[in-house]
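Following: one structure in structure tokens, then a few remarks.
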Amino acid sequence: MFTWSYLSDLRDYFEELAFLGEESRVRIQFPSPFLRHFPTPVEIQAMEDGAEYRKRVNVSYAEAFKEELLHFHECIQTGQEPLTNACEGKDDIAFLQKVVAAANPKGLGGEAAR
């Protein structure tokens, strides 16, 4: 199941993936790429001897935009194909503009308003 909820009036962006099993759950939460040095936590939740437990591990403090720039630099230096090419990036931007336009926030301008 995939659910995307955009809460335009809530200023607490994050992306979360959850993997559910019969006896456990694993969640990974990606912070906003605009926030510097925020952790990317992985939480494991399960039962042990009749008691619920959780384990949380911060797997990364890497900044998303910096990681993208480093990857782009590596592609230029080595000729490697980017994980997301220019056409896919353009499609992603067009899709996100449609999402923002559907929310119709006050003062929306530019291409997203079209």
Exercise. In degrees, nearest 10, range 0 to 90: what is the angle between the Cα axis of helix 64-78 and the longest Cα principal axis of the chain?
Worked result: 70 degrees
Exercise. Taking GluC sites (Glu not before Pro) that fall in a DSSP loop and have at most 13 other Cβ atoms within 10 Å as cut points, what is the longest piece of the chain between them?
Worked result: 24-114
For this session: Please name whichever of HIS73, GLN29, ALA101 sits farthest to the positive end of the charge dipole of the chain, dipole taken about the Cα centre and charges placed at Cβ: Lys and Arg +1, Asp and Glu -1.
Result: ALA101
Seminar exercise, completed: Relative contact order of the chain (C-alpha contacts under 8 Å, at least 6 apart) in percent is 14 percent
For this session: Take the Cα radius of gyration of region 1-57 and divide it by 2.2 N^0.38 Å, with N its residue count; two decimals is plenty.
Result: 1.36
Exercise. Which semi-axis lengths, in whole Å and largest first, follow from the square roots of five times the eigenvalues of the Cα gyration tensor of the chain?
Worked result: 32, 23, 14
Problem set entry | With DNA, RNA and ligands ignored, accessible area of LEU70 (1.4 Å probe; Å², nearest 10) | 100 Å²
Exercise. Helix 86-103: angle to the longest alpha-carbon principal axis of the chain, degrees 0 to 90, nearest 10?
Worked result: 80 degrees
Problem set entry | Electrostatic dipole magnitude of region 7-101 [Cβ: Lys, Arg +1; Asp, Glu -1; Cα centre; debye, to 20] | 320 debye
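The values are calculated or read from the model by the stated rules, or taken from the named source; none is laboratory data. If you're wondering where the values come from, they're calculated on a predicted model, not measured in any experiment. Note that each Cβ is placed from the backbone with ideal geometry, even for glycine, and that neighbours are counted across all protein chains shown. Ligands, DNA and RNA are stripped out before the accessible areas are found, and what is left, the full protein with its side chains, is counted by its heavy atoms. Shrake-Rupley method; radii C 1.70, N 1.55, O 1.52, S 1.80 Å.
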